[in-house]
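K.L.:
Please read through the structure below; I'll follow up with questions.
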Amino acid sequence: MSLSELHAASLSPETVVVAAGRPPRERDEPVNPPIVLSSTYFGTGQLGDGDRGYGRYSNPTWDPFEEALGQLEGATLPGLLYASGLAAVSSALSLVPAGGVVVMPSHSYAGSLVMATELAEKGFLELRTVDISDTDAVMELLAPEGGKAASMLWLESPTNPMLGIADIRALATAAHQAGAIVVTDNTFSTPLVQQPLSLGSDVVLHSVTKYLAGHSDVVLGALVTSDPQLREALLHHRIIHGGIAGPFEAWLALRGLRTLALRIDRSQASAALLAERLSHHPRIESIRFPGLSTDPGHERAKSQMKGFGSILCIQVSPASGLSGADSADKLVRALQLWLPATSLGGVESLIERRRRHAAEPLSVPENLVRLSVGIENVEDLWADLEQALDTLEG
Ligand SMILES: *Cc1c(COP(=O)(O)O)cnc(C)c1O
């Protein structure tokens with residue numbers, strides 16, 4: 001099963017997504033791993049390392065995905081699959097010692113921010129939030145003069161939904177100097193676009209729900225690290241807190257991963273074209289997309305990403321007689337092909353006004369709409385956007 005047998009290091013990621021995690025090449029073995037439905041495993045002696053034991057400790061259906069993801073992120077160890085992205089966030093935050101300081105982007109994924117805020121309110125940790133694209137400000141919070149140094153730097157780049165770009169290399173170095181470990185939420189980019197471990201991050205997090213599974217039909221999360229001690233601690237947390245993946249979801253995630261490279265190629269190209277056209281549209285007040293040469297994060301994104309992802313955000317100009325929020329809602333309602341729904345990273349293009357969520361930070365503008373570009377024909381996507389923007393005229 002191990003790709004090391006296939007000299008994984010020499011294979012390109014487009015091949016790894018297809019070739020990793022296959023059963024052994026033996027006569028009558030299936031070419032795809034089966035779904036194993038069992039809550040326990042035969043055993044007669046004392047449980048040891050590598051024994052499956054019980055269904056909360058491991059499941060053979062998780063292994064191929066964990067192995068493939070580890071290889072794609074350039075890790076020396078397999079990843080860890082979780083019941084959801086937030087179960088993975090919970091496990092990663094468990095690495096912070098009692099009372100430890102966590103530095104987090106003020107525009108992190110809303111669920112991650114809510115979790116960290118609630119832990120801070122209970123006194124389990126101290127939370128410092130910051131504009132993650134402001135490298136000096138982050139460095140100051142990591143090791144303030146006369147203050148407590150951070151235990152963890154949480155990175156998300158590009159951020160959700162403001163698409164701020166963090167200087168991952170510089171911040172990881174500064175965090176390590178302060179004695180902090182670095183966790184990077186790589187959901188928006190996937191390992192095909194950005195490899196945070198190679199930029200100095202200790203742990204990489206994914207909402208597998210999004211691009212990796214890719215079809216808006218499962219909720220799953222994952223963590224990846226090359227550090228055996230960190231992996232051991234995370235695995236222990238998963239076993240004891242129980243945030244494990246169902247076998248069917250794990251199987252679907254691997255099936256989705258097989259086409260990741262094709263999906264990313266298509267959606268990135270379409271996002272770039274749509275961003276270019278939207279940036280000239282009179283009904284758009286502003287646009288954020290790191291691929292535009294005018295975007296403040298453009299140069300930094302270029303230095304650490306392969307491409308610019310396929311999420312873009314627009315602020316809709318208020319139509320006459322309507323607030324910005326109402327104009328954005330009107331745009332979303334007028335679309336016929338784009339799906340008005342939360343989430344991102346699926347084959348279908350999704351759009352939503354982020355501030356409709358109560359938990360969304362107030363610093364996200366009311367008229368901001370996030371677009372997750374899927375793999376449909378780009379001219380069909382553009383035609384639908386154009387007709388919906390036309391309804392805002394006058
Ligand atoms: C969706 C998302 C999460 C949470 O993942 P779930 O699978 O919904 O629990 C975390 N981070 C980012 C960037 C996300 O988009």
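K.L.:
What number of residues in the range 191-219 are more than 19 Å from ALA87 (Cβ to Cβ), within 14 Å of the ligand (Cβ to nearest atom) and in contact with a strand residue (DSSP E or B) (Cβ under 8 Å, 6 or more places away or on another chain)?
P.N.:
Total meeting the criteria: 1.
K.L.:
Based on what the data block shows, is PRO144 at pLDDT 95 or above and within 25 Å of ARG356 (Cα to Cα)?
P.N.:
No; evaluated as a whole, the condition is false for this residue.
K.L.:
Any residue in the range 97-109 that is more than 11 Å from the ligand (Cβ to nearest atom) and assigned to a helix (DSSP H, G or I)?
P.N.:
no
K.L.:
So is LEU368 away from the ligand (no atom under 16 Å from the Cβ), touching a residue at least 40 places away in the same chain (Cβ under 8 Å) and of a type in the set (A, V, I, L, M) or not?
P.N.:
Considered against the rule, which asks whether it is away from the ligand (no atom under 16 Å from the Cβ), touching a residue at least 40 places away in the same chain (Cβ under 8 Å) and of a type in the set (A, V, I, L, M), LEU368 comes out as no.
K.L.:
Right, next: Could you list, in sequence order, the residues of the range 143-156 that are more than 13 Å from the ligand (Cβ to nearest atom) and either of a type in the set (Gly, Ala, Ser) or in contact (Cβ under 8 Å) with a residue 40 or more places away in the chain (or both)?
P.N.:
Across the range 143-156, the qualifying residues are ALA143, GLY146, GLY147, LYS148, ALA149, ALA150, SER151, MET152, LEU153.
K.L.:
Return the total of residues in the range 157-189 being more than 11 Å from the ligand (Cβ to nearest atom) and part of a loop (DSSP other than H, G, I, E, B).
P.N.:
So the count comes out to 9.
K.L.:
Related question: Mind telling me which of the residues GLU118, GLU140, GLU67 ends up being part of a helix (DSSP H, G or I) and within 16 Å of the ligand (Cβ to nearest atom)?
P.N.:
Going through GLU118, GLU140, GLU67 in turn, just one is part of a helix (DSSP H, G or I) and within 16 Å of the ligand (Cβ to nearest atom): GLU118.
K.L.:
Please find, within the range 220-242, the residue that is nearest to the ligand (Cβ to nearest atom) out of those that are over 19 Å from GLN194 (Cα atoms) and surrounded by 20 or more Cβ atoms within 10 Å (Cβ to Cβ).
P.N.:
LEU220
K.L.:
Which residues, counting only those in the range 70-93, are of a type outside the set (A, V, I, L, M), within 16 Å of the ligand (Cβ to nearest atom) and not in a helix (DSSP H, G or I)?
P.N.:
Those that are of a type outside the set (A, V, I, L, M), within 16 Å of the ligand (Cβ to nearest atom) and not in a helix (DSSP H, G or I): GLU73, GLY79, TYR82, SER84.
K.L.:
Quick check on my filter: what residues within the range 264-278 are farther than 11 Å from GLY309 by Cα and out of contact with any helix residue (DSSP H, G or I) (no Cβ under 7 Å at 6 or more places or on another chain)?
P.N.:
Residues satisfying the conditions are ALA275, GLU276, LEU278.
The values are calculated or read from the model by the stated rules, or taken from the named source; none is laboratory data. In this text, all values refer to a predicted model and were calculated from it rather than measured experimentally. Glycine also receives a Cβ, built like all others from the backbone with ideal geometry; neighbour counts cover every protein chain displayed.
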